[in-house]
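A short worksheet on the structure shown next.
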Amino acid sequence: MSDLLKQLRASAVAASLAALSVLGQSPAAAAVTGASETPSLAPYFTPVGAEPKAPDADGFLQRWLLLEPIVKPNRSNAGFTGTYVRQALTTQYFPSQFKGVPRDGQTVSAGAPLQWHALDSSLFDVKLFNFAQGLNKPTYGVIFWAVTVVNSPREISNVRLAVGSNSASMWWVNGKEAAGLFGDRRMVMDDVVSAPLTLHKGKNIVRGAVINGPGLSDFCVRFIDEDGHPIRDIALDLR
């Protein structure tokens, strides 16, 4: 069995366990879980290391700045049309939402004070539900923002951003919209692939927003070349 298949199987098992853990709870009770326990992001995340981080063997980007979830009540994911999602995810919730790179520990005001966290994902997909749950933050009816910095040793043209998300999401590369995933969907690797774009030599900023009503939330992102092969000779350092 390939490493990716093992990760996918482990991811599915973890998702099933997480879903079972909230069965029987009301949405309000499920929104903030583990209140009596010490918050923990393990085993899904680890602190960011001092050295730049390469993508995994399949090219997935595992180092991200994640903002604590913005509350955006949605009782169902059925209404995540392109029009609704685009309006929801291009609304400005906090200053510099589409500019620059936040700092680990930086706090922004988005209806409430929210903090950015610099984390390495232990899996190929970034478990947003578990990120929120581990911090005792709302897990349902939320918007997650994610930012990473991709350093490329050279200019690489005709690459594509390949994204999967649960549920809907939008993604930008160097300030330009690259991909949109609309509707009530499960996370599938390479579910949506962008039009060809160019990674500049040096710093490239990837920014994404994921919106979800009830259910689990996660995403996976990688760059692929013209033949669909993952691009691995890049590094992430969040600066």
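The values are calculated or read from the model by the stated rules, or taken from the named source; none is laboratory data. Just so we're clear, the structure is a prediction, and the values are computed from it rather than from any experiment. Quick reminder, even Gly has a Cβ in these numbers, built from the backbone with ideal geometry, and neighbours come from all protein chains shown. These accessible areas exclude ligands, DNA and RNA; they are computed on the full protein's heavy atoms, side chains included. Shrake-Rupley method; radii C 1.70, N 1.55, O 1.52, S 1.80 Å.
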_Can you give me the long-range amide H partners of D190? Hydrogens built in the peptide plane at 1.01 Å from N, cutoff under 5 Å, separation of 5 or more residues or another chain._
V163, G164
*Sorting H117, H229 by accessible area (1.4 Å probe), largest first, what list results?*
H229, H117
_Out-of-range pairs (alpha-carbon distance over 19 Å; input K99/K203; K127/K176; K127/K203; K176/K201; K72/K137)_ = K127/K176; K127/K203
*asked:* Take N158 and K176, extend 7 Å from each Cα along the Cα→Cβ direction, and tell me the distance between the two endpoints in nm.
replied: 1.7
*Taking a spot 7 Å from the Cα of T198 along the direction of its beta carbon, which residues of region 142-186 have an amide N less than 18 Å from it?*
150-161, 173-178
*Could you list which residues have their amide H under 5 Å from that of A178, counting only those 5 or more apart in sequence or on another chain, with H placed in the peptide plane?*
W171, W172, V173
*Extending each Cα 7 Å along its Cβ direction at R75 and S109, get the distance between those two points in nm, one decimal.*
3.2
_On a 1.4 Å probe surface of the protein chains, which of K203, K127, K72 comes out largest in accessible area, and what is the full order?_
K203, K72, K127
*Report the label-to-label distance for E51 and R86 in nanometres (one decimal), using points 7 Å from each Cα along the Cα→Cβ vector.*
4.4
*For region 58-102, just say rounded, prolate or oblate: build the C-alpha gyration tensor, square-root its eigenvalues into a ≥ b ≥ c, call rounded for a/c under 1.5, and beyond that prolate if a/b exceeds b/c, oblate if not.*
oblate
*Would you grab the residues whose amide H sits under 5 Å from the one on R63? Only those 5+ places off in sequence or on another chain, please, with H modelled 1.01 Å from N.*
S121
_Unit charges at the beta carbon, dipole of region 92-198: most positive-side option, L197, F124, T148_ = T148
*Leaving ligands, DNA and RNA out of it, report the carbon-plus-sulfur percent of the accessible area of region 163-219 at a 1.4 Å probe.*
51
